[in-house]
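Here's the structure, in structure tokens; my notes come after.
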Amino acid sequence: MSPNGLRITDGIVTIRAANASDIPTLIAGRDEVFHRWLGEGAEAPNPFALIEVADEVVGWLDYDRDREWLLDCEVNVGYNIFAPHRGKGYATRSLQLLLQHLSTGTEIATATLLIDTENHPSLAVAQRAGFQRVELISSNAYYKRSVPERSCSDGVVAIRRREISDLEAHLDAIDDQQIQ
């Protein structure tokens, strides 16, 4: 699911594409807390992105679209911060970076979190990241947050959500280069 070129940073936390060489690190990062909230975990984990701080992998982020409660253009997000790095704000920061990616790189409109009501640290992350609790699903707190419309410019460069016309312009530019 992770695009090869993914690398987004806020200057402290970076989310980047995972690759096969990261599997041992992901498995080694599992602890009692991981198993309590996330179960056994995949034999060969392949999350959407790894979370890095100072070039060290401190956790991972993932999202999926195949939950029965999701509406069109919604994703369910999951994450884990490795034990030595918990409580430092990395989960909140990485969620913000994921929302930035979803805003500019996808057509996703809403991110959701499904959190066990006893998982107090994750409940706090949801609130700090701006998610709003909307209901309970199977005794789990269900949170939603709209992916922000992303459009900003410094007068020279603009950042905005991709559009179909971008593909057409890209293909036209490639055609022009090939003709020259």
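When each of 102, 95 is tested for being at pLDDT below 95, closer than 21 Å to residue 12 by Cα, aliphatic (A, V, I, L, M) and within 20 Å of the chain's Cα centre (by Cα), the lone residue that passes is 102.
The helices (runs of 4 or more DSSP H) found entirely in region 1-116 include none that carry 1 or more residues being β-branched (Val, Ile, Thr), open to solvent by less than 10 Å² (accessible area, probe 1.4 Å) and touching a residue at least 12 places away in the same chain (Cβ under 8 Å). For the criterion of being over 19 Å from residue 143 (Cβ atoms) and touching a Leu at 6+ places or on another chain (Cβ under 7 Å), residue 31 fails. For region 134-145, residues that are surrounded by 15 or more Cβ atoms within 10 Å (Cβ to Cβ) and without any contact (Cβ under 8 Å) to a residue 24 or more places away in the chain total 0. Please state which of the following conditions residue 73 fails to meet, knowing it meets all the rest: (1) at pLDDT below 95; (2) under 15 Å from residue 48 (Cβ atoms); (3) in contact with a strand residue (DSSP E or B) (Cβ under 8 Å, 6 or more places away or on another chain). Of everything listed in (1) at pLDDT below 95; (2) under 15 Å from residue 48 (Cβ atoms); (3) in contact with a strand residue (DSSP E or B) (Cβ under 8 Å, 6 or more places away or on another chain), residue 73 misses just condition (2). Being among the charged types (D, E, K, R) and either closer than 26 Å to residue 28 by Cβ or at pLDDT 95 or above (or both) is a property that residue 133 has.
The values are calculated or read from the model by the stated rules, or taken from the named source; none is laboratory data. Since we're looking at a predicted model, the values are computed, not measured. Virtual Cβ from ideal backbone geometry, glycine too; neighbours counted across all protein chains shown. Side chains included, ligands, DNA and RNA excluded: accessible areas come from the protein's heavy atoms. Shrake-Rupley method; radii C 1.70, N 1.55, O 1.52, S 1.80 Å.
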